Amino acid sequence: MTLINSLRTQPDDRGHFGQFGGRYVAETLMPLVLDLETEYRKAKADPAFHAEFDDLLEHYVGRPSPLYFAPRLTEELGGAQIWFKRDELNHTGAHKINNCIGQILLAIRMGKTRIIAETGAGQHGVATATVCARFGLPCVVYMGATDVARQAPNVFRMKLLGAEVVPVTSGAATLKDAMNEALRDWVANVDDTFYIIGTAAGPHPYPELVRDFQSVIGKEARAQMLSRVGRLPDVLVASIGGGSNSIGLFHPFLDDPSVKMLGVEAAGHGLDKEHAASLAGGRPGILHGNKTYLLQDEDGQIIEGHSISAGLDYPGIGPEHSWLKEIGRVDYTSVTDTEALEGFQLLCRTEGIIPALEPAHAIAAVRKLAPTMDKDQIILVNLCGRGDKDIFSVAEHLGVSL
Amino acid sequence: MSRFASAFRPDHSALVCFVTGGDPTPDATPAILDALVEGGADVVELGMPFTDPMADGPAIQRANLRSLGAGTKTADIFAIATGFRARHPNVPLVLMGYANPMTIRGADWFAAECTKAGVDGVICVDIPPEEDPELGPALRAEGISLIRLATPTTDAARLPAVLDGSSGFLYYVSVAGITGLQQAAQASIEDAVARLKAATNIPVAVGFGVRTPEQAAEIAKVADGVVVGSAIIDIVATEGANAPAKVRDFVRSLRTAMDHAREKTA
């Protein structure tokens, strides 16, 4: 039965989440995104597609990821019980691989023979290079030249995996420019190329299909919670750059009214300075194929995001988050670079887990939230990536030379 | 007769010239636009700069950055348009750019500003027919032409949707790709123009990758118009203060070659 009042049936048939989303692409790409939508509808209805996806997630990615109660962090904060969805234990070290598995299966289904992707910190690039190696497809990853310099270990990983990494020097040479360059590649290689977008943004159907592939996080967590403690959590917390790990956790819970949700944006140096909090500091506009909250000036020129976490410094956010903010279903907050660094160290010290700087933002928000809640309440946090990639930048920020 | 109707006449192929507004500075643009007209441009496309021009090649990307780096604002673009209209009452003026700068203050605001500035048409790269409500109704209400793009991937099933609500002219993007790089084979252009002209009465102009008088002349034999952009932008980029004179000479060379090509086939 379809729930008439469900919040889980978005987007509409034009790919809109309320006023957000849509397909704002050049005419050359329009037939391609329509084609992708048609093929995705077929795949979604095909049990064989799901079977292959599930099989790869289990045996290649290592799912289901554990649900872990964090006793010492809970004790330290002195309030609600804190549980982690351990997506940092996935193959390649982050949630990004879930989506890449789904999209490469779609690409193969559509007969595409060449894969392109954009990447910021390099996690999505590594995940894409990984699935391309696994399926033997050539892979080109666009990465801002600034990020290539900042993220040398991930660049090397991608090359080891057989991908070609193209440094993008146009614009500000960061993630948004890498996405522009990937779109330029796609428009020039329409026949053979599949663009694996890394976050739940871009033209329809990308926000929907990325969300669907990432929803494995929330589906597993919901079932694990029910089986472990016999009830749903009170609050879900996840960090947000483009918003794929958070929408993946949140979406399966949207119709559970008792479950509150908190998305954590990157406040960088502070919301009155340089930051990457599109919802807190931006307003609706059109970029990269969708209408959503964007950091921009009064003329609609895009402003670069800043965050200590290269995975969060995107000036936009997935359109479903913009919609969930406007209808009030999800609360959004932000934490600064400094707070995220404190969250990072807190988790290292209390639980023996080195998180990526992205979920360190979620931990920083939990640090403020947990003490305000009762001890019988439950916070579920998405630990969406591990911190190996970040130890160099964390050391630099802490004034330690390695 | 509308300005577009006088520009796209049966006796010649219209020369449509693009430059990015505010490149290298807002003050420099009027003289460059005048040079386009003096050289023989029939339609002027004024690019609205954007931080993220994802359909453009390196030449126009850099022009956008030069313009924004010089501090060009949307208000400057409309001031440039208003001045152009005063100096050239009969030359069609088209604003070309991306959705966000056009819609950020609301489509109604944008359409009203276009009317005030004497703009005849608008090309918005990233609003396809599927998202027409974002801009199309506001432009049509003001009598501003919405000029759509057709591409090699626009198949017969899709073409009616592209034509629905289009006016002024149809811009055929001759290659699947970004501006200013490779050019399509003449045969494929001829086939495409024939296909488009069978489906619509509005003029068909062909662009993307047209860089030389010879290429323009070949296309002029079959199309109602030829669009040249990156090659002019390159002159602006390299010539500095001398740009207007060089732009005028280059545009004149395009115009002359196109006229000769038509005479030979006539």
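The values are calculated or read from the model by the stated rules, or taken from the named source; none is laboratory data. Everything numeric here is computed off the predicted structure, so don't read it as measured data. All Cβ positions, even for glycine, are placed from backbone atoms using ideal geometry, and neighbour counts span all protein chains on display. Surface accessibility is based on the protein's heavy atoms, side chains included, excluding ligands, DNA and RNA. Shrake-Rupley method; radii C 1.70, N 1.55, O 1.52, S 1.80 Å.
All other residues whose Cβ lies under 12 angstrom from that of A:Arg367 are scored, Lys and Arg at +1 and Asp and Glu at -1, for a net of -2. With every protein chain in place and a 1.4 angstrom probe, the accessible-area ranking of B:Ile60, A:Ile108, largest first, reads A:Ile108, B:Ile60. Rolled with a 1.4 Å probe across the full set of protein chains, the surface gives B:Arg262 an accessible area near 50 Å². Within chain B, helices built from complete DSSP H runs that reach 18 Å or longer along their own axis (Cα positions) and carry a mean Kyte-Doolittle hydropathy of 0.5 or higher are B:74-87.
What do you reckon, how do A:Lys42, A:Lys96, A:Lys325 stack up by accessible area (1.4 Å probe), largest on top?
A:Lys42, A:Lys325, A:Lys96
Put the Cα centre of segment A:255-294 next to the Cα centre of segment A:215-245 and the gap is 20 Å. Centre-to-centre separation between the Cα atoms of segment B:145-167 and those of segment A:57-112: 43 Å.
Placing a label point 7 Å from the Cα of A:Ser258 along the Cα-to-Cβ line, the residues of segment A:370-389 whose backbone N sits under 17 Å from it are A:374-380. The Cβ shell under 15 Å around A:Leu57 holds other residues with a net charge of -1, Lys and Arg each +1, Asp and Glu each -1. Extending 7 Å from Cα along the Cβ direction at A:Ala48 and again at B:Thr256 yields two label points whose distance is 6.5 nm. Remark: accessible surface ordering of A:Leu57, A:Leu161 (largest first) is A:Leu161, A:Leu57, probe radius 1.4 Å. Taking 4.7 Å between C-beta atoms as the pairing limit, chain A has these partnerless cysteines: A:Cys100, A:Cys348, A:Cys384.
Pop out the carbon and sulfur fraction of the accessible area of chain A as a percent, whole number, probe 1.4 Å. All intermediate terms of the calculation are to be shown ahead of the outcome.
On the way: 7220 of 13800 Å².
Whole-percent figure for carbon plus sulfur exposure: 52.
Within chain A, the proportion of Cα pairs with more than 42 Å between them is 6 percent. With R₀ set to 60 Å, the beta-carbon distance separating A:Glu396 from B:Glu190 gives a calculated FRET efficiency near 0.50.
A simple spin-label model places pseudo-atoms 7 Å from Cα toward Cβ; at A:Lys273 and A:Lys368 they are separated by 1.6 nm.
For segment A:126-201 versus segment B:218-234, the spacing of their alpha-carbon centroids is 33 Å.
Once the other residues with Cβ under 11 Å from the Cβ of B:Gly22 are scored (Lys, Arg +1; Asp, Glu -1), what is the net sum? Neighbourhood net charge equals -1.
Dividing the helix sum by the residues of the protein assembly as shown, where each DSSP H run of 4 or more adds -39500 (n - 2.57), gives a mean residue ellipticity at 222 nm of -13000 deg cm²/dmol.
Buried surface for the B/A pair, taken as the accessible area of each chain alone minus that of the pair with a 1.4 Å probe, is close to 3000 Å² in total.
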